[in-house]
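The values are calculated or read from the model by the stated rules, or taken from the named source; none is laboratory data. Here the structure is a predicted model, which means the values were calculated and not measured. Note: ideal-geometry Cβ built from the backbone for every residue, glycine included; neighbour counts use all protein chains shown. Ligands, DNA and RNA are stripped out before the accessible areas are found, and what is left, the full protein with its side chains, is counted by its heavy atoms. Shrake-Rupley method; radii C 1.70, N 1.55, O 1.52, S 1.80 Å.
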Amino acid sequence: MSPSPPRPRPRPRAGRRLPATAVVLAVTAGTLLSAVAPAVAHGGDDLAPHVDSHRVAEELRQDEVAALGQEHAEEHARMRAAVRGIGDYPQTTRTNRYNALTASQADHNKAFAPNTWGAFKEYFPSPDFGDHVALLPTGKVLLFSFERIETNPEKEPAPTQTTGKENAGRAFLWDPAKGTGKEAFKQVNPPTSDMPDGLNEPRPVPFFCSGHSFLPNGMLGVFGGNLGGNGGTGAKLSLIFDPWTETWTRNPDMSVGRWYPSVVTGADGRQLIMSGQSELGHGTPTPVVERFPAKAFPVSLKKTDTPVNTPVERFKADAPFRLDYPHLFSLNDGNVYGFGRAAAQQWKFDPVAESRTDLTARPDGRDRNYGSAVMLPAGANGPDSALILGGDRDNPSTLRFSNGSWTAEKSRAFGRTQDDTILLPNGRLMTVNGAYDIRDYGNGPYNPNADLKYRQIELRDDQGDWQLGPVQRLPRGYHSNAVVLPDGRVMVTGDELQQLANNTDVNGTVSGVPGTSGPITMNGTIEIYEPAYLHQGDRPALANAPTAPVGYDKKFTVTSTTPGLAAKAVLLAPTTSTHAVNTSQRHIDLRLTSRAGNRLEFQAPPDAKAAPPGWYLLFLLSDTGVPSVAQWVQLSPSA
């Protein structure tokens, strides 16, 4: 979107970007530097500026080293380098980078047969960066992030430190049924509101870096966001996206602000919201746990049950996670397991007793950055264990938590942060995306030149062995995402810095996108990967599945025009993810009770502990694991 013309201001306001002269004065006086701590990796939004090391070296003064010490002198040098600016990022560089990545992808992937390794097939522009994604039960994908304040990939494009109207959220729907052009996207921005920053500047609410999970009726609950300033200030936002009407609803605020929270849906269909930096700013993670909807309000089961004026409520137990975005999973004992990024912060939460119990510390003894975790398939009774992997650039190990203890599983090829590990319909795992650190792709912070090994996907077979496969077009690290689509393909998106660094027309705009009143920029990108099972012969055909909600442990019938190909059926919960956190995906085998002609009878999961109420993708699979195109079914305790 085109920026609004600047308005005169009587004085600078908190959170606004100061002119260079103001920064120079602050640096000269030394007042700012004395108050700024060394940079701490946190979401790429550190208080200290990110400047390439060679620029810092050019500004380093030996007299300051002697007087202040190396570390303090480097901070002075870093601030001076930031004041001088890092210049523009030429369009020719973006185009050359994109062309080089396209060529190297084609060259590398010649060695990988699609029927063994799968293949990357499509790459197309998107109007959103895709920092947050959700596959909706309509088959459309919700993408949301922020209005950029910068197009230079060596700077921060998100308005983390910005208050007022420039700090705004944005959202789009992608409809795969309409293809890959601009007409396949529709803008569905969040509600416009005046946020509590004292500026009286209404704008689409800044819900980026929030947490989210699905309600049983297929709606998406989104909690938290960023008010701007103070290293990232938590918003108290509580929002619902209705996929059936494609509209947002804002509910009463949470009791605390949350920037980088995690949300999980439990067996009772209610959402637990944990962690996140509070309304006091970065460095103030909240231990408060909240539940949505509050117990006095019903759980939404029907498409028409939109929670309106529905509050959260305080959960009795706290969750004092030291680091943001813990992994939260509802396992088949009905408890919610919180796997913190700090090794010692592993807890079990009982949603009924509202209690917290200590779990055995993760045996690696290390903090893990944003990295993936996934509940492992365990047949018809739902998952009873989780695999923790990624988040440590120096450690490729994977650890399995099951029955209260940790065991080492087979390691991946190398350590990654910012990776996405997803469950495929055949029960296997796939890792895509990754980086060296938060905003570091292997060549220093805010340098988009990435170590290209992070483009390689890794696939885990039935024996738990990992193997490196073909490469994706772009390296994608921080804010990357991946989603299994109903047709079995995998959508890959996210990482605004890499999308800006490799955009062949970064300032170009298009018109005609539904829901927009003017031209939009297509600075985001989507890539489609076809797993090997889509290149391994005929697919079973799922003709009809139940359109009415299915009750737990109940039998139901589906029909197939290729019953001889249908060996089994599975439920796959749809993904909603951000920052390598995916609390929703879940793989459940369905028990086949009978078959006759083109009719197959299955038995639903035994209870909501095995599969929380909600919408699931139903796939038929051949005896070699080739899936059908899925249809949506809803599990409901009221069916």
Report task. Tell me, please, whether a residue that is in contact with a Phe, Trp or Tyr (Cβ under 7 Å, 6 or more places away or on another chain), of a type outside the set (Gly, Ala, Ser) and not in a helix (DSSP H, G or I) can be found in region 100-120. Result -> yes
Query raised in the report: Would you call Asn109 in contact (Cβ under 8 Å) with a residue 40 or more places away in the chain, under 22 Å from Asp451 (Cβ atoms) and among the polar types (S, T, N, Q)?
Result: yes
Requested in this report: Considering only region 431-452, state which residues are open to solvent by less than 30 Å² (accessible area, probe 1.4 Å), over 23 Å from Arg78 (Cα atoms) and not hydrophobic (A, V, I, L, M, F, W, C).
Outcome: Thr431, Asn433, Gly434
Report summary line: Taking region 373-398 and keeping residues within 21 Å of the chain's Cα centre (by Cα) and hydrophobic (A, V, I, L, M, F, W, C) leaves Ala373, Val374, Met375, Leu376, Ala386, Leu387, Ile388, Leu389
Query - Subset of region 509-520 [in contact with a strand residue (DSSP E or B) (Cβ under 7 Å, 6 or more places away or on another chain), on the phi < 0 side of the Ramachandran plot and surrounded by fewer than 19 Cβ atoms within 10 Å (Cβ to Cβ)] - result: Thr509, Val510, Pro514, Thr516, Pro519
Report task. Go through region 175-200 and give me each residue that's among the aliphatic types (A, V, I, L, M) and open to solvent by 20 Å² or more (accessible area, probe 1.4 Å). Result -> Ala177, Leu199
Query raised in the report: Looking at this structure, is Gly231 of a type outside the set (S, T, N, Q), more than 17 Å from the chain's Cα centre (by Cα) and closer than 18 Å to Met195 by Cβ?
Result: yes
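For every residue, the table says whether it meets (1) open to solvent by 10 Å² or more (accessible area, probe 1.4 Å); (2) in contact with a Pro (Cβ under 9 Å, 6 or more places away or on another chain); (3) on the phi < 0 side of the Ramachandran plot; (4) in contact (Cβ under 8 Å) with a residue 12 or more places away in the chain.
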position	(1), (2), (3), (4)
Glu147	yes, yes, yes, yes
Asn152	no, no, yes, yes
Ser210	no, yes, yes, yes
Gly232	no, no, no, yes
Pro243	no, yes, yes, yes
Query raised in the report: For Lys110, which of the numbered conditions (1) open to solvent by 40 Å² or more (accessible area, probe 1.4 Å); (2) of a type outside the set (Ser, Thr, Tyr); (3) in contact with a helix residue (DSSP H, G or I) (Cβ under 7 Å, 6 or more places away or on another chain) fails to hold?
Result: (3)
**Report entry** Meets criteria (over 27 Å from Leu331 (Cβ atoms), part of a strand (DSSP E or B) and among the hydrophobic types (A, V, I, L, M, F, W, C)) for Leu459
**Finding:** no
Requested in this report: Go through (1) touching a residue at least 24 places away in the same chain (Cβ under 8 Å); (2) out of contact with any His (no Cβ under 8 Å at 6 or more places or on another chain); (3) open to solvent by 10 Å² or more (accessible area, probe 1.4 Å) and name the single condition Thr583 misses.
Outcome: (2)
Query raised in the report: Can you name the residue in region 347-361 that is without any contact (Cβ under 8 Å) to a residue 40 or more places away in the chain and not hydrophobic (A, V, I, L, M, F, W, C) and is also nearest to Ala319 (Cα to Cα) among such residues?
Result: Arg356
Query raised in the report: Between residues in region 450-476 that are in contact (Cβ under 8 Å) with a residue 12 or more places away in the chain and residues that are hydroxyl-bearing (Ser, Thr, Tyr) and surrounded by fewer than 21 Cβ atoms within 10 Å (Cβ to Cβ), which pairs lie under 8 Å by C-beta distance while being six or more apart or on different chains?
Result: Leu452/Ser104; Trp466/Ser411; Val471/Ser104; Arg473/Thr102; Arg473/Tyr123
Query - From the options Arg455, Arg428, Arg489, Arg400, residue that is touching a Leu at 6+ places or on another chain (Cβ under 6 Å), surrounded by fewer than 24 Cβ atoms within 10 Å (Cβ to Cβ) and of a type in the set (Lys, Arg) - result: Arg400
Query raised in the report: Restricting attention to region 602-622, and to residues there that are outside any strand (DSSP E or B) and out of contact with any Asp or Glu (no Cβ under 9 Å at 6 or more places or on another chain), which single residue is farthest from Ala380 (Cα to Cα)?
Result: Ala611
Report summary line: Among Pro157, Pro191, Pro216, the single one that is under 30 Å from Asp440 (Cα atoms) and either over 19 Å from the mean Cα position of the chain (by Cα) or in contact (Cβ under 8 Å) with a residue 60 or more places away in the chain (or both) is Pro157
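Quick grid of which residues meet (1) closer than 24 Å to Trp248 by Cβ; (2) of a type in the set (D, E, K, R); (3) open to solvent by less than 10 Å² (accessible area, probe 1.4 Å):
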| site | (1), (2), (3) |
| --- | --- |
| Val263 | yes, no, yes |
| Gly269 | yes, no, yes |
| Ser275 | yes, no, yes |
| Glu279 | yes, yes, no |
| Thr284 | no, no, no |
| Pro287 | no, no, no |
| Phe292 | yes, no, yes |
| Ala296 | yes, no, no |
| Lys303 | yes, yes, no |
Query raised in the report: So, of the residues in region 431-441 that are in a loop (DSSP other than H, G, I, E, B) and out of contact with any Leu (no Cβ under 9 Å at 6 or more places or on another chain), which turns out to be nearest to Ile588 (Cα to Cα)?
Result: Asn433
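Would you confirm whether any residue within region 126-136 is of a type in the set (D, E, K, R), part of a loop (DSSP other than H, G, I, E, B), at pLDDT 95 or above and open to solvent by 20 Å² or more (accessible area, probe 1.4 Å)?
No.
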Requested in this report: State whether the residues of region 538-557 include one that is touching an Asp or Glu at 6+ places or on another chain (Cβ under 9 Å), surrounded by fewer than 18 Cβ atoms within 10 Å (Cβ to Cβ) and assigned to a loop (DSSP other than H, G, I, E, B).
Outcome: yes
Query raised in the report: What is the one condition in (1) open to solvent by less than 10 Å² (accessible area, probe 1.4 Å); (2) free of Cβ contacts under 8 Å to residues at least 24 places away in the same chain that Ala569 does not satisfy?
Result: (2)
Report summary line: If we keep only residues of region 492-503 that are open to solvent by less than 10 Å² (accessible area, probe 1.4 Å) and in a loop (DSSP other than H, G, I, E, B), then the residue nearest to Leu572 (Cα to Cα) is Asp495
Report task. Please find, within region 318-333, the residue that is nearest to Leu376 (Cα to Cα) out of those that are open to solvent by less than 10 Å² (accessible area, probe 1.4 Å) and in a loop (DSSP other than H, G, I, E, B). Result -> Leu331
Query raised in the report: Does Ser594 satisfy the condition of being in contact (Cβ under 8 Å) with a residue 60 or more places away in the chain and hydroxyl-bearing (Ser, Thr, Tyr)?
Result: no
